Amino acid sequence: MTTALIGFAVLLALCFIGFRVGFATLIVGFVGFAMLRGFDASLAMVGQQVFHDSMNYNLSVIPLFILMGVFIVHARISQDLYDAAYAALGRFRGGLALATVLAAGGFSAVCGSTLATAATMAKVAMPPMRNYKYSDRLASGTIAAGGTLGIMIPPSVPLVIYGLIAEQDIGLLFIAGILPGLMLVILFLIAVGITVRRNPMAAPSAPPLEPARRKEAIRGTLPVLILFLVVLGGIYSGAFTATEAAGIGSFGAAVIAVMRGHLLTLGEWRDCLVDATTTTATIFIVLLGAIVFSQFINLSGMPYDLLDLVDEWELSPFQLVIFVCIIAILMGMVFEAIGILVLLVPVFLPALQINGIDMIWFGILVVLVSEIGLITPPIGMNVFVVKSVLPDVRLGAIFAGVLPYIFALVTGLILVLIIPQVATFLPGLMR
């Protein structure tokens, strides 16, 4: 246990001085394993693990879903999603903020990236909210929080990574994320309603969308809605696997982009492929580094020491889950979602499985906790993404603006904890 804790301390130190999580975990895992087994054994372990896991067919789902999201972003469909959402909710006070939440949920359903969702919504939703004198606090906070929906609503890259680490069915995890994702959208809409009721000046009234533009926006979103239903419907019905769904989704997204007048030149295709490859490489480095780090952690005996602690403290399965969630929230203040998953899950996996925890339910929980971390100080990745797109907005205003949504996420976490059926009902129908 002591060796593993020293490894975690060194890992945190490397991250704080600027090392990327993937490289930090790779370095600490390699050096830690070498200290316990020798340099040659560590070198052989790294080579074998990286080669074996990079050849894993199931990992192909990650670049395919990323490519699908990149095509959707390049298709410029976000504006239609936003306008269609505003057409549905614009008559209510705070309609532009409500539309931002709904559009973020819709965009994340076909994008799968929380950072891409936050950045895109910042460009699409902030100008109209500023035009109608919405407070920067409400506007930027809604955008940053809305982006967190990208890792819960399928297709979700963090759910894919969790499924690979915990050896769970990725299709079941996607299906499990539907109801919690919809629940979070509703909770966010309620948070907007409460905020504008308490401070009406934060969201002045805005005129309704012109009928012609409303029809155009709805027509523009129909292909994306059909693609979403095909991808998830195919997984749910068993017509194809998650990997096959990712391939179909990528092809469908490319067709939608071409139909909208994009991806007509080699330059556009090159930009899309470069974006997808860069993002995939970043995720793979984090994933492979975590695999090497987990080998070191397993060799140190930490998972088994944790099992002994659970027995010593006489924690019930529910108390163990609460304990892991608290640690995940603390980690979320430093690491982004994928980093939490790859560092936390391998350590506690044996204890969770021995205590009979439903790993599909736990996967939804840990991703939900990661969402909280995305907008929680001191890091709050989504907050900094919005700040980078909107440099004239104060960082403090964005952090203040996400507070109602942190409460909404905590409420969602409590509901999933006490009502597991929120996450397990749909997967239960498929088992």
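Of note:
- Available extension along the chain between residue 269 and residue 414 is 47.8 nm, counting 0.36 nm per residue and deducting the alpha carbon span.
- Accessible area, probe 1.4 Å, largest first, for residues 392, 275: 392, 275
- Given charges at beta-carbon only (K, R positive; D, E negative), |dipole| of the chain in Debye: 1820 debye
- Candidate cross-link partners of residue 215 among the aspartates and glutamates, defined by an alpha-carbon separation under 12 Å and a same-chain spacing of 8 or more, comprise 80, 83.
- Surface per residue (accessible, 1.4 Å probe) for the chain, Å²: 42 Å²
- Helical mean residue ellipticity (222 nm; -39500 (n - 2.57) per DSSP H run of 4+; nearest 500) of the chain: -26500 deg cm²/dmol
- Of 124, 393, 110, the residue with the greatest mean-square motion in the GNM of the chain, using alpha carbon springs below 10 Å, is 393.
- Exposure of residue 51 as accessible area (Å², to 10), given a probe of 1.4 Å and all protein chains: 140 Å²
- Largest-first ordering by accessible area, 1.4 Å probe, given options 120, 148, 279: 279, 120, 148
- With a 1.4 Å probe rolled over the protein heavy atoms of all chains, the accessible area of 284, 293 falls in the order 284, 293, largest first.
- Each part gets one Cα centre, and for segment 1-39 versus segment 237-257 those centres are 38 Å apart.
- Karplus 3J(HN,Hα) series, Hz, for segment 190-197 with 6.51 cos²θ - 1.76 cosθ + 1.60 (x for Gly, Pro): 5, 4, 5, x, 5, 4, 6, 6
- When each of the peptides 403-410, 74-81 is scored by the mean number of other C-beta atoms lying within 10 Å of its residues, the order from highest to lowest reads 74-81, 403-410.
- Computed about its Cα centre, the charge dipole of segment 166-254 is approximately 600 debye, with only Lys, Arg, Asp and Glu carrying charge at their Cβ.
- Of all accessible heavy-atom area on segment 373-431, the percent that carbon and sulfur account for (1.4 Å): 76 percent
- Taking 34, 212, 85 in turn, the Gaussian network model of the chain (Cα-Cα springs below 10 Å) assigns the largest fluctuation to 212.
- Three principal axis extents of segment 190-277 based on alpha-carbon atoms, in descending order, are 47, 35, 29 Å.
- Residue 123 - accessible surface, heavy atoms, 1.4 Å probe, Å² rounded to 10: 140 Å²
- Matching the structure-derived Cα Rg over 2.2 N^0.38 Å against the labelled list (i) 1.46; (ii) 0.94; (iii) 0.98 gives the label (iii).
- You can think of it this way: the chain between residue 230 and residue 23 has 70.8 nm of extra reach, that is 0.36 nm per residue less the Cα-Cα gap.
- Qualifying aspartates and glutamates (Cα of each under 17 Å from Cα of residue 387; at least 8 residues distant if same chain): 136, 336
The values are calculated or read from the model by the stated rules, or taken from the named source; none is laboratory data. On a predicted model such as this, the values are computed, not experimentally measured, just so you know. Note that each Cβ is placed from the backbone with ideal geometry, even for glycine, and that neighbours are counted across all protein chains shown. SASA here: full protein model, heavy atoms, side chains in, ligands and nucleic acids out. Shrake-Rupley method; radii C 1.70, N 1.55, O 1.52, S 1.80 Å.
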